[in-house]
Amino acid sequence: MAQLDYRTAGESHGQSLIVMIEGLPADLHLDIDLINGELRRRQGGYGRGGRMKIETDTVNILSGIRSGATIGSPMAVQVANKDWRIDEAPVVNHPRPGHADLAGSLKWLTTDCRSTLERASARETTSRVAAGAIAKCLLLEFGVDVVGFVRSIGPVEADIDPSLDPEGLRAARDANEAYCPDESAAEKMIEAIRQTKIDKDTVGGIVEVQVHGMPPGVGSCFRWQDKLDARIAGAIVSIQAFKGAEIGDGFKVAHKPGSQVHDAIYYDASQRNTPNLGFVRKTNRLGGFEGGMTNGQPLVVRGVMKPIATLLMGMDSVDLKSKSAQRSDYERSDVCAVPAASVVAENVVAFEVARAMCEKFGADTMNEMKAAYNHYLAAARNL
Ligand code: EPS
């Protein structure tokens, strides 16, 4: 049986974006409004450029479903590009520092960066959000709730109320265009983006994804390939313009002794029916992972996005044909895509979590998967 997996295809100004998903169990009902809602959120956020006014991203599911539910066969999903003009789009000879332009042109032996940038573009994240949103339909059947938001933009950092549950985080996040659950920080972030636009520059930031309701024991410490924290970190760093990922307190643990880093273990029988099965922690500094496996605590993952490489003012570069000094080319772009990237991060994490859930509990049908899940939880509770 196929492992849950996905592949994407499509260019920024090609005919269509495509995602193909294999390994979903049969009888999973797909919530099309949820999927299109995630695509809509990805198109939004303060700081986006002109392209998002052209497109209305919605999924067209071409295969793998019958009457709105999966049948276990490979699923092909299409999101059509309205701005389809790849053959007319201008040649790009002056690579943008920080974009894939130069490395790709050297790799594919061309002086026209267009062939590389069309696929390297963050437009590809549309396909990944569609895949992640479909994975979320599976996770919700198991009470697993994934929520992503913006932690910081430029110098502005959010101060997020740690007592907020996923519903509270989502409501606070959705109340502003920075996608940040701290209203006063959100205002400052929007101001920082506005100023950056005036300065003809771009700005990056940090996004966070939390996963609530995860049972313990998902992932494995026995093979490095199966460590779920590592897979999630890989998925985060694979998002266009991301330069790093951290789990829980992440890089901060380097500055503290072990006694202030690890999360002490207690037992409280009244919590036996929650995801921690009664094994409670007063802290979650390790972000829900020990040995690459979930430990019953919420998962906490952050990723850092560099400022977008397309600069209105350009940067020093070189003409690939004449080798003479030139400013880098300008392509229509965003001033800040950190809010949109928080949607991408949320959905790529959702897919990795769903993949690992399918590895532990996976089956041909949803009924069998739920039976395996319930059987495991009963056994773990009765250890
Ligand atoms: C994007 C689509 C792109 C860019 C942006 C994100 O569309 P276009 O190139 O037609 O304006 O707006 O991509 C980048 C910033 C990038 O560096 O590739 C999208 O759909 O998210």
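Quick notes
- Single residue of region 198-229 satisfying the filter (out of contact with any helix residue (DSSP H, G or I) (no Cβ under 7 Å at 6 or more places or on another chain), over 14 Å from Val301 (Cβ atoms) and hydrophobic (A, V, I, L, M, F, W, C)) that is modelled with the lowest pLDDT: Ile198
- Within region 367-379, not a single residue is away from the ligand (no atom under 16 Å from the Cβ), among the hydroxyl-bearing types (Ser, Thr, Tyr) and in contact with an Asp or Glu (Cβ under 8 Å, 6 or more places away or on another chain).
- Listing of helices (runs of 4 or more DSSP H) fully contained in region 103-191 that carry 2 or more residues being surrounded by 21 or more Cβ atoms within 10 Å (Cβ to Cβ) and either more than 16 Å from the ligand (Cβ to nearest atom) or within 21 Å of the chain's Cα centre (by Cα) (or both): 125-140
- Take the conditions (1) more than 15 Å from the ligand (Cβ to nearest atom); (2) in contact with a Leu (Cβ under 7 Å, 6 or more places away or on another chain); Arg66 misses just one of them, which is (2).
- Test: residue in region 106-126 that is modelled with pLDDT of 95 or more, touching a helix residue (DSSP H, G or I) at 6+ places or on another chain (Cβ under 6 Å), over 18 Å from Gly44 (Cβ atoms) and of a type in the set (Ser, Thr, Tyr): yes
- Of all residues in region 12-49, those satisfying the criterion of being of a type outside the set (A, V, I, L, M, F, W, C) and either more than 16 Å from the ligand (Cβ to nearest atom) or in contact with a Ser or Thr (Cβ under 6 Å, 6 or more places away or on another chain) (or both) are Ser12, Glu22, Gly23, Pro25, Asp27, His29, Asp31, Asp33, Asn36, Gly37, Gly49.
- Within region 230-245, being in contact with a helix residue (DSSP H, G or I) (Cβ under 9 Å, 6 or more places away or on another chain) and either away from the ligand (no atom under 16 Å from the Cβ) or of a type in the set (S, T, N, Q) (or both) holds for Ala230, Arg231, Ile232, Gly234, Ala235, Ile236, Ser238, Gln240, Gly244, Ala245.
The values are calculated or read from the model by the stated rules, or taken from the named source; none is laboratory data. Being a predicted model, the structure only gives us computed values, none of them experimental. Please note: Cβ atoms are built from the backbone with ideal geometry, for glycine as well, and neighbour counts cover all protein chains shown.
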